[in-house]
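Working notes, beginning with the structure itself.
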Amino acid sequence: MKIGSFLPAIILIVLIPAYFSTLTSLSSMNKRLPHADEVNVILPSPILKITSLDFDGLASDTLYLKALVFYGSTYENKKRRKMEEWEINWMSSTLKASTDLDPYFLDPYFLANSVLTWEANRVYETIVVLEKGCRYRDWDYWLPFLVGFNYYYFLKDDAKAAEYLMQASYKPGADPFFGFFAARLAYKSNRTENAIVFLEGMLNTTKDETMRKDYETRLVTLKEMLDLEKAAAIYKERMGIYPVKVSDLIEQRIIDRMPVEPYGGVFYFDRDGKVKTTSDLRYVTKQDSTNKVHQ
């Protein structure tokens, strides 16, 4: 008989001592934990996979409910007390294990995002958990949206935020706002080309005529701005400084016409040579308009 037929049994024999050794260690750790009946040490996910047999979903639900009940217990007289470090660690381990057992279960991701970011400032840790959900729940717009929001709000990374919001906007049922916001962030982070590619994709998948018209106008505007950005780079290479006015590009024969801003505003360059517009494009602020350099 081939040795391969005995392989599962051999693996099981090897794992059993490690399993009981882990249980003994965790039991000792559990006795040292602070109060709260619902709190105990969470087994590592690989061991949970083995012990839950074919009931991964039920085990995942149980862990999530334990975390939810515990989080609720931190409220006292409708006010939430500050969570201690051990409590945050326990919540993190519990929700990670819940999503490991059933990565398609949405609720633990929401709870993790709520607790680990706002309560504990563990943003990168939260993003890792959410990205796992993105891989499994590849039809869901909520998880990439949450990742994008975390990059935008907590980490101040507009480029990464735009990347995930773009992903979210392509999912079925996504709010059109995701698309507008992603394009705005892509533009703000000096990624005009990405904003164009993104909006072209949105245009190809959008059937609503009003939205299509809006996308088309934005695309024309961004393409004009991209052409000006490239022209400004040529001007700087030639002259050693960025252009002050769009007309400077015409004088150097880098462009042959004054570009038309589709929203009725005026294109201009800021001090860093970045192209902006005076119109309300949802990409600029009132301060941008008041600081404009006229053509």
> Within segment 89-131, which residues are of a type in the set (G, A, S) and crowded, with 18+ Cβ neighbours inside 10 Å?
Replying inline: S92, A97, S98, A112
> Which pairs have Cβ atoms under 9 Å, sit 6 or more apart or on different chains, and link a residue in segment 74-94 that is among the small types (G, A, S) to one that is modelled with pLDDT of 75 or more and in a loop (DSSP other than H, G, I, E, B)?
Replying inline: S92/A120; S92/R122
> Can you tell me which residues in segment 167-188 are assigned to a helix (DSSP H, G or I) and among the acidic types (D, E)?
Replying inline: none
> Any idea how many residues of segment 237-251 are under 11 Å from G273 (Cβ atoms), free of Cβ contacts under 8 Å to residues at least 40 places away in the same chain and β-branched (V, I, T)?
Replying inline: 1
>> Among the residues of segment 132-156, what is the count of those that are among the charged types (D, E, K, R) and surrounded by 16 or more Cβ atoms within 10 Å (Cβ to Cβ)?
In response: 3
> Applying the selection to segment 129-142, what residues are farther than 17 Å from W90 by Cα and in a helix (DSSP H, G or I)?
Replying inline: L130, E131, K132, G133, C134, R135, Y136, W142
> Do we have W118 as closer than 17 Å to Y71 by Cβ and either hydrophobic (A, V, I, L, M, F, W, C) or assigned to a helix (DSSP H, G or I) (or both) here?
Replying inline: yes
> What number of residues in segment 86-109 are of a type in the set (F, W, Y) and in a helix (DSSP H, G or I)?
Replying inline: 3
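The values are calculated or read from the model by the stated rules, or taken from the named source; none is laboratory data. Just so it is clear, the model here is predicted, and its values are computed rather than measured. Neighbour counts run over all protein chains shown; Cβ positions are idealised from the backbone, glycine included.
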